[in-house]
Amino acid sequence: MLGSLRPHEYVTSIYHIHLERLWENGIRGIITDLDNTLVEWNSPHATEKLMAWLVQVERLGFRICILSNNRDALRVSNFARPLNIPALHKAGKPRKASFYTALSQLNTDATATAMIGDQLFTDILGGNRLGMYTILVEPIHPHEFIGTRLIRLAERAVLCGKRPSAMQSEHFLFYVTVDDKEGEEFHS
């Protein structure tokens with residue numbers, strides 16, 4: 001069970017993901033969580049930095065889909081629509097059905113798709129159950145849904161004090177190092 005909770009990568013944020021290496025290793029689709037992965041919880045709009053990252057994702061040829069457990073259909077669709085990104089709300093992660101729907105939207109198979117998210121028990125577990133390449137990011141902001149705050153206690157126990165880019169696994173395709181200098185742009 002604990003192996004299913006182990007991400008292939010653990011990085012500070014989406015901006016520390018080496019997109020070109022993902023592409024070189026056969027990843028063609030990205031399924032990403034929304035709240036506290038792309039933006040702060042319930043933030044209605046993408047930041048300038050996120051929009052620049054999405055341009056880079058598209059330029060490299062990736063297909064991307066948002067998969068959110070947020071129950072508010074308008075919140076999720078109003079966020080994704082201006083970005084021209086397909087999005088699914090009320091996903092019920094880690095259940096497989098919503099992941100299959102997202103894969104269908106992307107027209108990719110699980111082994112050619114990365115799942116990016118900030119939660120072990122939803123994003124990482126769900127992606128690993130389908131054989132996706134999983135990337136755990138630190139939550140953007142501590143403000144989040146009350147249920148998520150409780151789950152974070154169990155996540156801390158599973159991570160055993162590991163920090164981003166310190167998590168090593170036999171599943172790593174490559175090892176990520178992060179330089180957290182102020183104003184650093186994302187890696188590509």
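The values are calculated or read from the model by the stated rules, or taken from the named source; none is laboratory data. Source: prediction; values computed, not measured. Please note: Cβ atoms are built from the backbone with ideal geometry, for glycine as well, and neighbour counts cover all protein chains shown.
THR37 meets each of the listed conditions (1) more than 17 Å from ALA110 (Cα to Cα); (2) modelled with pLDDT of 95 or more; (3) part of a helix (DSSP H, G or I) apart from (3).
Within region 54-64, the presence of at least one residue that is of a type in the set (A, V, I, L, M), without any contact (Cβ under 8 Å) to a residue 12 or more places away in the chain and more than 21 Å from ILE124 (Cα to Cα) is confirmed. For ILE64, the conditions (1) assigned to a loop (DSSP other than H, G, I, E, B); (2) surrounded by 14 or more Cβ atoms within 10 Å (Cβ to Cβ) are fulfilled apart from (1). Would you tally the residues in region 59-79 being within 16 Å of ILE116 (Cα to Cα) and out of contact with any His (no Cβ under 6 Å at 6 or more places or on another chain)? Result for region 59-79: 7. Note on region 6-47: among residues that are surrounded by fewer than 22 Cβ atoms within 10 Å (Cβ to Cβ) and acidic (Asp, Glu), the one that is farthest from VAL137 (Cα to Cα) is GLU24.
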